[in-house]
Structure formats: C-alpha cells, structure tokens
Amino acid sequence: MTIRLSIADLFGLPPEQARFDTTEVAAPASGQVWQLPPEHGQGRVFIAPLLGDASLALMESTFHQDTVIYADVVAQPNLSFTVCLEGSLVNDTAGSQPVRIARQETLFARYPATTSHADSHVSSHFKGGERGCFLTIHLSQKWLESAEDAFVLDLLGNALLHGVHHCGLGSQWMLAVAHEVVQCTHQPHIQWHYLSAKVLELWSHQLELLRKLSLPRNVVPRMKAADLACIHKAAQILVSEMCNPPTLIELAWRVGINDNKLKSGFRTVYGTSAFSFLQKQRLQRARQLISEDGVGVMQAAQMVGFRSPSHFSAIFKEAFGVSPSGLALAPDTASPPPS
C-alpha cells in the first residue's frame with residue numbers, strides 16, 4: 001500500500017509554503033528543521049536559504065510504507081538538482097517521464113512557473129523501510145542569470161530541458177562535498193556563508209555532469225524540437241527499464257518517432273548508438289551495486305539486464321580495468337566510469 005501526502009499535510013505547513021521550490025519556504029538564515037510525523041516514519045527535513053536567493057533542502061528519512069510526497073504548484077521558474085546519498089527515489093513531474101535515482105546518483109530539474117494545478121504536479125516516491133538521504137539545491141532564475149555563464153543561460157533558455165533528467169553518478173569530489181553539507185546541517189551553530197559556499201561548489205560539479213549530458217550547441221538547428229524531446233524520452237526509458245529494455249522498434253513506437261530517426265538522433269545527441277548508451281548505463285549501475293551496495297556479481301549482472309556472466313565480466317573489465325569479482329573484493333580499485 002502506498003501513502004500519498006502533500007508537503008503541507010506532512011509538515012503542517014500553510015498551503016502557500018507547500019512548494020517544491022524551497023526558495024519560497026520561509027526559513028531563518030540558520031535553517032529550519034521539520035521532523036517527520038512518527039505515524040509516517042522517522043527522520044527530518046532541513047531547509048535553509050542561501051546566498052543569491054538559492055536554497056537548500058535536505059531530507060533524511062525512513063518511511064514506514066511506500067510514500068508519495070507531492071506539491072501541485074511551482075511558484076517561480078527555477079532550476080534544481082538532487083544528490084542521492086542513501087536510498088532511492090522516483091521523481092514524477094508533469095510533462096516528464098518518471099526518473100529514478102539511487103545512491104550516488106543525481107538528477108537535474110528545470111521547472112517553468114505554473115499556476116494551474118492540472119499540469120504542474122511534482123512528486124517524489126520513497127520506498128518504505130529504506131533509509132534515504134537526499135540533498136536538493138534550488139537556484140533562482142535571478143541568481144542564474146547573474147552568473148553570466150553562457151552554458152547556464154542556455155539551460156535557462158532551452159525549453160527542451162524543462163522537466164527532470166537523470167544525470168548519472170556524481171563524482172567522488174561532488175559526493176564528498178555533499179557529505180560535508182549534510183554534516184554542516186547537524187552542527188548547533190550553522191555557518192551560513194560556509195554552507196552557501198559549499199552548495200555553490202556542488203553546483204559547479206553538477207554543471208560538469210550537465211555539460212557531458214546536454215546538447216551540443218550545433219545540435220539544435222539540425223533537429224526539430226519534437227524529435228529532440230523524443231530522443232530524451234527514449235533515453236529515460238532505457239535507463240529506467242535497463243533490466244528488460246524495449247527493442248529499438250518498440251522504443252521508437254513508444255516515444256512517437258520512427259526507428260531511423262531514433263538511431264540517428266541518439267548519435268547526434270549522445271554521440272553513440274542507443275545500444276552503446278544502454279550498455280554504458282548498465283555498467284555504471286552494476287558497478288554501483290557491487291562496490292557500494294554489496295550486491296553479488298551474478299545478481300548485479302541480472303539486475304541490470306546481462307544474461308551471460310562471462311560477457312558481463314569481459315566488458316566490465318574492459319570498461320573499468322578490473323573484473324566484477326575483483327571489484328567486489330576491493331571496491332576502490334575500479335577506474336572512473338566510462339565517458
């Protein structure tokens with residue numbers, strides 16, 4: 001059974017503060033903590049304003065049952081990113097395919113301002129009994145525009161990037177900064193400027209991930225907006241269904257594009273074929289399952305969709321420089337994920 005709760009219901013907030021855009025939530029400069037109601041689970045949510053109209057939301061939680069937390073309105077256009085340090089969540093936003101992130105993975109979200117409840121729901125799905133730690137940073141349009149970074153301005157102006165996007169594994173440096181931010185929120189006297197500086201450092205790491213995933217500037221004139229949107233949707237389907245992915249023909253049908261456009265579109269946007277894109281995502285996920293979650297090699301291979309253990313072992317070693325069994329024995333020996 002899944003419980004569905006609004007932010008206002010969960011934390012006893014007035015409706016005008018029940019938003020996923022935490023820049024709109026009134027909180028003192030030192031931050032404010034809400035404890036999860038004991039009837040729903042254990043944990044806390046910490047929200048703090050930051051320099052430049054940015055804000056930080058940290059959720060450390062264990063829900064008793066599968067739980068959906070939702071908000072209906074995004075008050076202002078904003079950009080956010082989430083780092084998952086423990087557990088997993090599924091982000092379900094109107095107009096986008098649901099996106100799941102697990103430990104050490106990140107997602108990027110770009111929300112246009114909306115006032116209609118019919119087309120603006122934003123929700124996060126949490127697994128019951130699973131401890132989670134999620135760090136979300138909201139950056140205001142005002143701050144982003146003041147950064148005068150051409151790449152950032154492209155993110156703001158490109159309507160195709162509205163919605164939610166899986167950004168893969170965070171780097172070890174990014175994850176280390178994220179853990180420092182979490183530790184800072186537990187201090188009795190929070191250093192506001194220090195926290196703001198660390199969050200901006202996180203944003204710089206997230207930008208590096210986005211630069212790898214985003215469209216080259218010369219892609220836009222060569223593809224129609226609708227085709228680009230289909231390619232992004234297809235990539236999200238492959239990531240979320242990597243254990244049992246659709247065939248190329250099925251995938252093309254599901255996203256509403258012909259298979260030739262799908263194949264050429266993947267090469268244009270991601271620089272590789274759909275199959276190679278899927279294999280890379282599978283390998284990254286298997287690496288995480290083995291090194292971080294302690295999952296056995298055979299089970300990890302099956303969980304990400306590999307049917308042949310010998311084939312899995314061979315391409316894993318080629319990608320990371322160590323066999324899956326070797327990684328299980330020494331989790332820090334693998335090379336960085338393939339680019």
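The values are calculated or read from the model by the stated rules, or taken from the named source; none is laboratory data. Since we're looking at a predicted model, the values are computed, not measured. Ideal geometry is used to build each Cβ from the backbone, glycine not excepted, and the neighbour counts take in all protein chains shown.
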Any pair with Cβ under 6 angstrom, 6 or more apart, that starts in segment 195-208 at a residue that is more than 15 Å from residue 166 (Cα to Cα) and ends at one that is at pLDDT 75 or above and acidic (Asp, Glu):
198/180
Restricting segment 27-61 to residues that are assigned to a loop (DSSP other than H, G, I, E, B), more than 23 Å from the chain's Cα centre (by Cα) and modelled with pLDDT of 85 or more, the residue that is surrounded by the most Cβ atoms within 10 Å (Cβ to Cβ)
40
Tabulated pairs, segment 46-69, first acidic (Asp, Glu), second surrounded by fewer than 23 Cβ atoms within 10 Å (Cβ to Cβ) and part of a loop (DSSP other than H, G, I, E, B), C-beta under 7 angstrom, 6+ apart or interchain:
66/127; 66/128
Out of the helices (runs of 4 or more DSSP H) lying entirely within segment 274-339, which hold 3 or more residues that are at pLDDT below 90?
274-291, 309-320, 324-329
